[in-house]
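Remarks on the structure that follows.
The values are calculated or read from the model by the stated rules, or taken from the named source; none is laboratory data. Computed from a prediction, not measured in an experiment: that's the story for all the values here. No Cβ is skipped: glycine too gets one built from the backbone with ideal geometry, and neighbour counts run over all protein chains shown.
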Amino acid sequence: MDNYSSLISLFLIGLICITLIDTLGAVASRKFNFKYTYLSILSFAVYMGIGYFLSNHFQLIIIFATNSLLGLYDSTIGLKLSIRLKANSENIDTVESNAKMVISMIIVAVFFGFIGYSVNGYLGPDHSRFKH
């Protein structure tokens, strides 16, 4: 049961981080006049971090599912937050959460989650996942 509480905790941390990136990033991009899309790297880091920390206790499929939900949240609610807060980005007012964009973001989230999982496998204390 302890593992599932860590799963829920890390998922909630991911949601909070994505929300902060979307909200504070939108305001900062407008205030300091930089492109909001430059902050995508922070979202990628969140996905990678979630994959890294979850890989200590869970199989890859759980990391994929968790990051898929985070990517879904980022590409729907996160986008709406950044639009509402008038992020400094070209065409952000006309962008809509369409199926292709949502699927693309989920794939990106899963990809970076896999990288985090892999990095922990190579650098983490338990390398057994990659031993023959």
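Taking into account only those residues within the range 81-94 that are of a type outside the set (A, V, I, L, M) and surrounded by 13 or more Cβ atoms within 10 Å (Cβ to Cβ), which is modelled with the lowest pLDDT? Filtering first and then ranking leaves S89. Mind listing whichever residues of the range 13-25 are out of contact with any Gly (no Cβ under 8 Å at 6 or more places or on another chain), buried (at least 16 other Cβ atoms within 10 Å of the Cβ), within 10 Å of G78 (Cα to Cα) and not β-branched (V, I, T)? Residue satisfying the conditions is L15 alone. If you filter the range 7-33 down to residues that are polar (S, T, N, Q) and touching a helix residue (DSSP H, G or I) at 6+ places or on another chain (Cβ under 8 Å), you find that the one that is nearest to V108 (Cα to Cα) is T19. Being β-branched (V, I, T) and either more than 11 Å from the chain's Cα centre (by Cα) or modelled with pLDDT under 95 (or both): is that true of T76 here? When the stated conditions are applied, T76 passes them. Would it be correct to say that Y36 is more than 30 Å from G121 (Cα to Cα), touching a helix residue (DSSP H, G or I) at 6+ places or on another chain (Cβ under 7 Å) and of a type outside the set (A, V, I, L, M)? Yes; evaluated as a whole, the condition is true for this residue. When the range 1-54 is filtered for residues that are of a type in the set (S, T, N, Q) and farther than 17 Å from I115 by Cβ, the ones remaining, listed by number, are N3, S5, S6, S9, T19, T23, S29, N33, T37. Quick one: which helices (runs of 4 or more DSSP H) lie wholly within the range 28-105 and hold at least 2 residues that are free of Cβ contacts under 8 Å to residues at least 12 places away in the same chain? In the range 28-105, the matching helices (runs of 4 or more DSSP H) lie at 40-54, 60-73.
Could you grab me the full set of residues in the range 37-51 that are surrounded by fewer than 21 Cβ atoms within 10 Å (Cβ to Cβ) and either touching a strand residue (DSSP E or B) at 6+ places or on another chain (Cβ under 8 Å) or not β-branched (V, I, T) (or both)? Selection gives Y38, L39, S40, L42, F44, A45, G49. Only one entry of V102, V108 meets the criterion of being modelled with pLDDT of 90 or more, crowded, with 16+ Cβ neighbours inside 10 Å and touching a Ser or Thr at 6+ places or on another chain (Cβ under 6 Å), and that entry is V102.
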